[in-house]
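Engineer: Below is a structure I'd like to ask you about.
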Amino acid sequence: MGSVGAKEVPVLLDAEGRRIDGRRLDELRPIQIRAGPLPQADGSAFVEWGANKVMAAVYGPREVHPRHLQQSTKAVIQCRYNMAAFSVDERKRPGLDRRSQEISKVIAEAFESVVFAEEFPRTSIDVYIEVLQANAGTRCAGLVAGSVALADAGIPMVDLLPAVAVGKVAGAIALDLKKEEDNFGEADLPMALVPQSGRLVLLQMEGHMTEPELAKALDLGVEGCKVIYEKMKAALRERYSVRPLAAEAA
Amino acid sequence: MGLLDPRPPVVQVVPLSGRYLPKPGDQVVGTVTDVQSTFWLLDIGAPRWAPLHMTGTPWKVEVGETERYLRVGDAVVVRVENLDATGRIGVTMAEEGLGKLEGGTIERISPARVPRLVGRGGSMIATITRHTGAEVAIGQNGRIWVGGSADAIQRVRDVLQMIEENGPRPGLTDRVERFLLATTPTSAGAEEADGRVLPRDDGPPGEDGAGAGDELADGTRGSRDEDES
């Protein structure tokens, strides 16, 4: 694995238009989603996305802690995004930092726009997102995991929230950056989509893109989100489908 | 995740999982989380804690004396009386079959599985109590109080796990019965089978009134002694 400190810029795009891991510009990394791995939580999900591994647990609606955050007309949605100390090559100092606070906030706000919070006044819906292994795009993986976990918790929502990052590597717009592309690329644009309405509820950007590039990146991201959306639905169907026992099938 | 209910006036999704959503009339098992001078707060697994007012008990409680009757951590069987628009849950304990639970242990299953645990006409729960000799109080909230010998409690726990894992499959009552017959440790289990159940809505309220707690505790100790001898 290329380390953060590497001075050599790797070849991000070869002559045939293949990326560092052999993908085309519009190709996602492999994604696996499992709903309900944590029986004790009200809802949970585990997402493996490329080399990212992210676990999400949802508790609630439940009593609000601390009390003063309680809202009399709707549920508050609290999110904690956290990266494990061992999630990156070089040990990450554990606990809250500027970056994780920001990501927690934007993810919570993305969920607020899809959850029917008015149905549970004076309660809290708590979404915990733990990044166990990170390889660029963890806020998107966290959003996907958190969203499936919310659905697994039976919480009413407008829609699931697929998310993906689009970036600019070696001058080209590319879907779903991996670590080397994120580190040495020119731009990174994570987004979360409400598929039914086409609304974006999270959009951030680091680096620079021209206006035509941004338009292209948004289109590419929306297409990527639609693919992820199907995988999220499939994971939930799998969790709630009933397969006959081996003994009965025989 | 849930099932679509397209009936007017509103299309809605009935969740297949998640927290217990209280309904008036439901019998639930809860634990005391806070004690105030005129009421207790109960965790019944719902979105909010449910206040149990001192007048909703079978006891004559003086203001400020609430802690003499129920302390934090105590388990109770109560009934949901009403819900208001702000999500406040009113519960009562002043009815036959409700009261404080002494001894035993509380297990959790998904609220969605409770109808399977009761079974058609109470057949599943009758099977379980008959074969294990345990006493079981079922809460619609998926909290299940189990009393009896350590062995009986463990067997009920195994069955609860079976139900949790095999909820939607048919023929579960028969499977549970086969499992219980196959794992009967001694014949003693059958002798203990007086299987008192706190039923959901029908069934005999029986003698399990306010004083049930003490009797249950005695029963628990009694069967434990038998086991050890």
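Every number here is computed from the coordinates shown, using simple stated rules; none is lab data. Everything numeric here is computed off the predicted structure, so don't read it as measured data. Positions of Cβ are backbone-derived with ideal geometry, glycine not excepted, and every protein chain shown enters the neighbour counts.
Engineer: I want the local charge near A:K178. Using Cβ-Cβ distances under 12 Å, sum +1 for each Lys or Arg and -1 for each Asp or Glu among the other residues. Mind dumping the intermediate values first?
Structural biologist: Details: positive: A:R19, A:R23, A:R29, A:K179; negative: A:D21, A:E27, A:D176, A:E180, A:E181, A:D182, A:D188.
Local net charge: -3.
Engineer: Translational diffusion coefficient, Stokes-Einstein: compute it for the protein assembly as shown using the Kirkwood radius over C-alpha pairs as Rh, at 10 °C and 1.306 mPa s, and state it as an integer in µm² s⁻¹.
Structural biologist: Rounded, D is 63 µm²/s.
Engineer: Note down the relative contact order for region A:42-122 as a percent, whole number, built from C-alpha pairs under 8 angstrom at least six residues apart.
Structural biologist: 31
Engineer: How do B:T92, A:T123 rank when sorted from fewest to most other Cβ atoms within 10 Å of their own Cβ?
Structural biologist: Final ranking by Cβ density, sparse to dense: B:T92, A:T123.
Engineer: Which whole-number percent gives the relative contact order of chain A, counting Cα pairs below 8 Å spaced six or more residues apart?
Structural biologist: Value for chain A: 21 percent.
Engineer: What does the net charge come to around A:E102 if you take all other residues with beta carbon closer than 13 Å to its beta carbon, with K and R at +1 and D and E at -1?
Structural biologist: Result for the neighbourhood of A:E102: +2.
Engineer: Ok, one more. Quick check: Cα centre of region A:168-193 to Cα centre of region A:39-95, how many Å?
Structural biologist: 25
Engineer: Which whole-percent values make up P(r) of region B:49-130 when all C-alpha to C-alpha distances are grouped in 10 Å steps starting at zero?
Structural biologist: Calculated over all Cα pairs of region B:49-130, the distribution is 14, 36, 35, 14, 1 percent.
Engineer: Amide H neighbours of B:L21 under 5 Å, at least 5 residues apart or on other chains, H built in the peptide plane: list them.
Structural biologist: For B:L21, whose amide H was placed from the backbone, there are no distant partners under 5 Å.
Engineer: In deg cm²/dmol, rounded to 500, what helix-only [θ] at 222 nm does chain A give when every DSSP H run of at least 4 residues adds -39500 (n - 2.57) and the total is split over its residues?
Structural biologist: It comes out at -9000 deg cm²/dmol, rounded to the nearest 500.
Engineer: Summing Lys, Arg as +1 and Asp, Glu as -1, what charge do residues with Cβ under 12 Å from the Cβ of A:M209 carry, A:M209 excluded?
Structural biologist: Value of the local net charge: -3.
Engineer: Arrange the peptides A:153-160, B:171-178 so that the one whose residues have, on average, the most other Cβ atoms within 10 Å appears first. Spell out each step's value before the answer.
Structural biologist: Values: A:153-160: 21.1, B:171-178: 15.9.
Highest to lowest by the protection proxy: A:153-160, B:171-178.
Engineer: Let me ask something else about it. What fraction of the Cα pairs in region B:1-85, stated in percent, has a spacing above 16 angstrom?
Structural biologist: That fraction is 59 percent.
Engineer: Just need the relative contact order of region B:14-145 here, percent rounded to a whole number, with Cα pairs under 8 Å and 6+ apart.
Structural biologist: 29
Engineer: Region A:31-239: D in µm²/s via Stokes-Einstein (Kirkwood Rh, Cα pairs, 10 °C, 1.306 mPa s)?
Structural biologist: Rounded to a whole number, D works out at 92 µm²/s.
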